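The values are calculated or read from the model by the stated rules, or taken from the named source; none is laboratory data. Note that the structure is a prediction, hence the values are computed from the model and not measured. Neighbour counts run over all protein chains shown; Cβ positions are idealised from the backbone, glycine included.
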Amino acid sequence: MAPAACWGTISPAAHGDVTMGGVPGTAGNAPGGIKRAGAAVLIALLVVPMLSGWKVTGTKVREAYYPVSGRNHTEIVRSVRRFAPMSGRAYGLGIIDFHPDYDMRSKDGACRITRANTGLSITLKLPEWKGPKDAPRAAARLGRHFERVIKRHELQHVKIAERYARKMSSDLKKLKPEKNCWAMRRKAYTLIKSVKKQHINAQRAFDRRTLKQIRRLL
């Protein structure tokens, strides 16, 4: 079993604050009488089964889209609530799964890691503007801007994950030898858990830095 990091950029909620986790927004009134909970970020640990012998190298990103449409701000927000992830509570959603792979060799009474590589499999759920061809210019501009900003935000999460995948591989190769490979494997497991925790903290820090920008989108 392999733990995966999951994050979501939380959207305006219909009733008060989002309390699912991450950074909660402040509720208030938006144009058209729509309640806003601002933006929050959900980062959780999921358990994702890994198939025996299945290796992932490099970064594999799968993008899925939900439609955003409307002729004005109110209709666009309604569209996001209807089709966006987490029952309309997230602007974008991503699941990151790390796939560390390494070789060990025992020689002269010591076991060491001789090769390490960390692959990533990432799934993103992103908005896509699908407004009518005759939508007012302001509505189309808002929808396309929303699409661009959320995609750029989620792709930054991918870059953060890639940085920690490289770190995981580098740190594994730097581990000092152990007296046997069982001990080496335990040390590698501890290191992998530590880097994954650092990765989640980095993702949360990024979301805190960009929270105000996300809250202003809709």
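Couple of notes before you dig in:
- Criterion (under 14 Å from the mean Cα position of the chain (by Cα) and modelled with pLDDT under 95) met by exactly one of LEU120, LEU46, LEU124: LEU46
- Residue check for LYS176: outside any helix (DSSP H, G or I) and either within 29 Å of VAL149 (Cα to Cα) or charged (D, E, K, R) (or both): yes
- Contact map, the stretch 191-217: residues that are among the aromatic types (Phe, Trp, Tyr) paired with residues that are part of a helix (DSSP H, G or I), Cβ distance under 9 Å, separation 6+ or inter-chain. Pairs shown: PHE206/HIS153; PHE206/GLN156; PHE206/HIS157; PHE206/ILE160.
- Within the stretch 120-156, considering residues that are touching a helix residue (DSSP H, G or I) at 6+ places or on another chain (Cβ under 7 Å) and surrounded by fewer than 19 Cβ atoms within 10 Å (Cβ to Cβ), the one nearest to LYS179 (Cα to Cα): GLN156
- Residue list for the stretch 173-195, filter: farther than 17 Å from GLY109 by Cβ and among the hydrophobic types (A, V, I, L, M, F, W, C): ALA188, LEU191, ILE192, VAL195
- Hey, ILE95 modelled with pLDDT of 90 or more, surrounded by 15 or more Cβ atoms within 10 Å (Cβ to Cβ) and in contact with a Cys (Cβ under 8 Å, 6 or more places away or on another chain) or not: yes
- Residue check for THR57: among the hydroxyl-bearing types (Ser, Thr, Tyr), outside any loop (DSSP other than H, G, I, E, B) and either at pLDDT 95 or above or loosely packed, with under 13 Cβ neighbours inside 10 Å (or both): no
- Scope the stretch 73-97; condition hydrophobic (A, V, I, L, M, F, W, C), in a strand (DSSP E or B) and either touching a Gly at 6+ places or on another chain (Cβ under 8 Å) or under 18 Å from GLN213 (Cβ atoms) (or both); matching residues: ALA90, LEU93
- Selection status of ARG89, of a type in the set (D, E, K, R), in contact with a strand residue (DSSP E or B) (Cβ under 7 Å, 6 or more places away or on another chain) and surrounded by 16 or more Cβ atoms within 10 Å (Cβ to Cβ): yes
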